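Visitor: Before I ask anything, here is the structure I am working with.
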Amino acid sequence: MKILAVDDKKLALEALTDAIATAAPEAEIHGFRSPEAALQFSLHTPCDVAFLDIDMQGTNGIALAKKLKLLFPKINVIFATGYHDFAEDALALHCSGYLMKPITPEKIRQELSDLRHPLYREKGKRVRFQTFGNFEVYIDGQPVKFHYEKAKELLAYLVDRGTFCTNHEIMATLWEQDPSSSYFRTLRKELVDVFKSAGCEDVLVQQRGKMGIIPDLVDCDCYAWKRGDPSALNAYQGEYMSQYSWGEFTLGALHGLQTAPHFSDDHV
């Protein structure tokens, strides 16, 4: 879990980061006294949770929260403040929590146990696919940027299927008309290069006329959800690969499984 802590007062920031470290010793904590510096850091290192003071010089906590949520809609913003006055503004932002100072490990622990956007992480796996909400890809905790957005969509489809897919099946789903063979090869090459450059080439497998990912080598919220992992069950909030229209088929299946009295990972 990556946590952002922002307070422009030195002693207050130290107290906040100490409380977070005590409550969540496994967390990676990044503390800043400058809201602007915190925002710049977040552009390159997205965090799961942001503890923000409100009354700060320059960009105040409310304004910083708005900017963070525009960049990362699923970030859990928790205000840590000495004022009740901003509670209405905080609620309007759909924040995860509103803590009154002094901040204690117990308060932090309580908020982290009941986040607005629950987190799911499977330890020991370098590649993580986020499918709930928008589809995103992370390697060693860092978001992967693609030169071709269609390459990212191709990867999303492979993750969605969780098995080998033929080139014909992929093209029929992702394009109204089959793309040129050279363009399709370019997209496949980008995926190969992404994982190879990170030393994770075993995740993606190509065979003659088909390709796929190896589910056992990755951390994926949807795969864990279908296994019944409690953290993943809490992370699902009715959204799945929202940027891709073809994801609606799986979304419908997830809704059906969610309402069924019992389900197993054979259903999807």
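Visitor: Long-range amide H contacts for ALA5: which residues qualify at under 5 Å (H placed 1.01 Å from N, peptide plane, sequence gap of 5 or more or a different chain)?
Guide: Long-range HN contacts for ALA5: HIS30, GLY31, PHE32, PHE51.
Visitor: Using a cut-off of 14 Å between beta-carbons, work out the net charge of the residues near TYR98 (Lys and Arg +1, Asp and Glu -1, TYR98 not included). Display every interim value, and only then the final one.
Guide: Numbers: positive: LYS101, LYS107, ARG116; negative: ASP53, ASP55, ASP85, GLU88, ASP89, GLU111, ASP114.
In short, -4.
Visitor: Read phi for every residue in segment 90-99 and hand back ³J(HN,Hα) as whole Hz from Karplus 6.51 cos²θ - 1.76 cosθ + 1.60, θ = phi - 60°, with x for Gly and Pro.
Guide: For segment 90-99, the Karplus curve yields 5, 5, 5, 8, 6, 5, 7, x, 9, 9 Hz.
Visitor: In whole Hz, with x marking every Gly and Pro, tabulate ³J(HN,Hα) for segment 28-34 from phi via Karplus 6.51 cos²θ - 1.76 cosθ + 1.60, θ = phi - 60°.
Guide: Along segment 28-34, the couplings run 9, 9, 10, x, 9, 8, 10 Hz.
Visitor: With everything on Cα atoms, drop me the angle between helix 10-23 and the longest principal axis of the chain, reported from 0 to 90° to the nearest 10.
Guide: 50 degrees
Visitor: Taking Cα pairs under 8 Å and at least six residues apart, what relative contact order does the chain come out at, in percent?
Guide: Working: 398 pairs, mean separation 40.9, N = 268.
15 percent.
Visitor: Right, another one. Please report, as a whole percent, how much of the solvent-accessible surface of the chain comes from carbon and sulfur atoms (probe radius 1.4 Å).
Guide: Details: 7020 of 13730 Å².
Here carbon and sulfur together make up 51 percent of the probe-accessible area.
Visitor: Then there's this: Tell me which residues come under 5 Å, amide H to amide H, from ASN76 once H is placed; ignore anything under 5 positions away on its chain.
Guide: VAL49, ALA50
Visitor: How large is the dipole of segment 1-134 about the Cα centre if only Lys and Arg carry +1 and Asp and Glu carry -1, each at its Cβ, rounded to the nearest 20 debye? Intermediate results must be reported in sequence, preceding the final value.
Guide: On the way: 17 positive and 17 negative charges, 130 e Å.
Value, rounded to 20: 620 debye.
Visitor: Sticking with this structure for a sec: So for the pair THR104, LYS69, with labels modelled 7 Å out along Cα→Cβ, what separation do we get in nm?
Guide: In this crude spin-label approximation the distance works out to 2.9 nm.
Visitor: With angles folded into 0 to 90 degrees, how steeply does helix 149-161 sit against the dominant principal axis of the chain? Use alpha carbons for both and round to 10.
Guide: Relative to the chain, helix 149-161 is tipped by roughly 80 degrees.
Visitor: Using the Kirkwood radius over Cα pairs, work out the Stokes-Einstein diffusion coefficient for segment 1-152 at 4 °C and 1.567 mPa s, in µm²/s as a whole number. Walk me through the numbers before you get to the answer.
Guide: On the way: Rh = 15.9 Å.
Taking Rh from Cα pairs, D becomes 81 µm²/s.
Visitor: With Cα extents along the principal axes in Å defined as stated, name the option among (1) 67, 55, 43; (2) 53, 38, 36; (3) 61, 43, 32 computed from the structure displayed.
Guide: (3)
Visitor: Rounded, prolate or oblate for segment 51-115? Axes are the square roots of the Cα gyration tensor eigenvalues, ordered a ≥ b ≥ c, and the cut-off for rounded is a/c under 1.5. Intermediate results must be reported in sequence, preceding the final value.
Guide: Details: a/c = 1.77, a/b = 1.16, b/c = 1.52.
Note, shape of segment 51-115 comes out oblate.
Visitor: Ordered by residue, what ³J(HN,Hα) values in Hz, to whole numbers, does segment 67-76 give under the Karplus form 6.51 cos²θ - 1.76 cosθ + 1.60, where θ = phi - 60° and Gly and Pro are x?
Guide: Whole-Hz 3J(HN,Hα) from phi for segment 67-76: 5, 5, 6, 5, 6, 9, x, 9, 5, 8.
Visitor: May I pose another question? What whole-number value in Å² describes the accessible area per residue of the chain for a 1.4 Å probe? Show your work: numbers first, answer last.
Guide: On the way: 13730 Å² over 268 residues.
I get 51 Å² per residue for the chain.
Visitor: Given 0.36 nm per residue, what is the gain on full extension from MET171 to ASP193 after removing their alpha carbon distance, in nm? Can you show the working numbers first?
Guide: On the way: separation 22, 0.36 × 22 = 7.92 nm, distance 2.04 nm.
Fully extending the segment from MET171 to ASP193 adds 5.9 nm.
Visitor: About the Cα centre of the chain, how large is the charge dipole given +1 on each Lys and Arg Cβ and -1 on each Asp and Glu Cβ? Please answer in debye to the nearest 20. Can you show the working numbers first?
Guide: Working: 29 positive and 37 negative charges, 112 e Å.
Once rounded to the nearest 20, the dipole reads 540 debye.
The values are calculated or read from the model by the stated rules, or taken from the named source; none is laboratory data. All figures in this text were calculated on a predicted structure; none of them were measured in a lab. Note that each Cβ is placed from the backbone with ideal geometry, even for glycine, and that neighbours are counted across all protein chains shown. Protein only, heavy atoms only, side chains kept; ligands, DNA and RNA dropped before computing areas. Shrake-Rupley method; radii C 1.70, N 1.55, O 1.52, S 1.80 Å.
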